[in-house]
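Read-outs: derived from the displayed coordinates by stated rules, not from any lab. Note that the coordinates shown come from a computational prediction; the quantities given were computed from them, not determined experimentally. Note: ideal-geometry Cβ built from the backbone for every residue, glycine included; neighbour counts use all protein chains shown.
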Amino acid sequence: MPSSRIQPIPRAFFARKVKRVARDLLGKVLVRQAGGERLTARIVEVEAYLGEKDPAAHAAAGNTARNSVIFGPPGHAYVYFIYGNHYCLNVSCEPEGQAGCVLFRALEPLTGTERMAKARGIELHSPKDLIRLTSGPGRLCAAFCITRSGENGMDLTTDKSSLWIGEDGYKSGQIAVSPRIGITKAAEHPLRYFLAGNPFVSGPKFRAPLDKRV
DNA sequence: ATATCGATTATCT
DNA sequence: GATAATCGATATG
């Protein structure tokens, strides 16, 4: 039953409006080919960052050395370093020249969990420990060994890359929406999308009443 | 369960 | 010089 067949997602999927891509990414799979081993995890929580008009988006600063991937062709990894401690992974969206990206906030581990745990520096004792592996944007990057120097700009639409996004036929259940987490500007917009009830979603266990089903 | 705080650095004002 | 799309530890109810 488990999905052994994972197909890359074509670039056209990412060449659409950020909000649309964000929603459609839920249920897809992030794949890491590390040596002979393959790490896979299902995307359960994302946030949309719009173009230069979105004050919360890095694109608001214009095209700089840091964020140029956002302005480039769709389907590429934008990795940035934050708080002097963590990396965060995004995928560029919209046609080339237009800014926009989706932030990966949480994953549900599928295969390669021992390798993820090692990368995170934790041990897996109970099934609940799986949650701390990839629940959070910084955590999932650590679990997948994603850094700016290594993965920024990588093409995520082909399995020739050591990091890519795939589709395994999984059908998402109910999708919920809430404001984005951890930002101060434009903090009210409902641009965070997640699989309702999924235990691997980051943040408080019980959602605020602002959360809406969609 | 919620709140607060320190870590640590690239980037921008 | 201030800030930041975070995390883990600690404190308190």
Item to check | For region A:103-214: span of alpha carbons on each principal axis (Å, largest first) | outcome: 39, 36, 33
Item to check | Normalised contact order of region A:46-167, rounded percent, pairs of Cα under 8 Å and 6 or more residues apart | outcome: 25 percent
Checklist entry - Counting each DSSP H run of 4 or more residues in chain A as -39500 (n - 2.57), what helix-only mean residue ellipticity at 222 nm follows after dividing by all residues, to the nearest 500 deg cm²/dmol? => result -4000 deg cm²/dmol
Checklist entry - What shape does region A:12-146 take by its C-alpha gyration tensor, where a ≥ b ≥ c are the square roots of the eigenvalues and a/c under 1.5 counts as rounded, a/b above b/c as prolate, and the rest as oblate? => result prolate
Checklist outcome for this item: Under a Gaussian network model of chain A whose springs join Cα atoms within less than 10 Å, the largest fluctuation of A:N67, A:N85, A:N198 belongs to A:N85
Next on the checklist: Just to be sure I understand the model, the point goes 7 Å from the Cα along the line to the Cβ. What's the resulting A:R38 to A:I181 distance in nm?
Outcome noted: 2.9 nm
Checklist entry - A:C88: net charge of surrounding residues, Cβ under 15 Å, Lys/Arg +1, Asp/Glu -1, itself excluded? => result +3
Next on the checklist: Please arrange A:E114, A:E45 by how many other C-beta atoms lie within 10 Å of their C-beta, fewest to most.
Outcome noted: A:E114, A:E45
Checklist outcome for this item: Checked against the positive end of the charge dipole of chain A (+1 on Cβ of Lys and Arg, -1 on Cβ of Asp and Glu, about the Cα centre), the farthest of A:G153, A:P95, A:G182 is A:G182
Checklist entry - Roughly how many Å is it from the Cα centre of region A:34-67 to that of region A:99-127, as a whole number? => result 17 Å
Item to check | Extension reserve of the A:R16-A:F81 stretch, reckoned as 0.36 nm per residue once the Cα distance is removed | outcome: 20.8 nm
Checklist entry - Which distance in nm do the two modelled labels at A:Q7 and A:Y170 give, with both placed 7 Å along the Cα-to-Cβ direction? => result 1.7 nm
Item to check | Electrostatic dipole magnitude of chain A [Cβ: Lys, Arg +1; Asp, Glu -1; Cα centre; debye, to 20] | outcome: 400 debye
Checklist entry - Normalised by the residues of region A:123-168, what does the relative contact order come to in percent, with Cα pairs under 8 Å and at least six apart? => result 16 percent
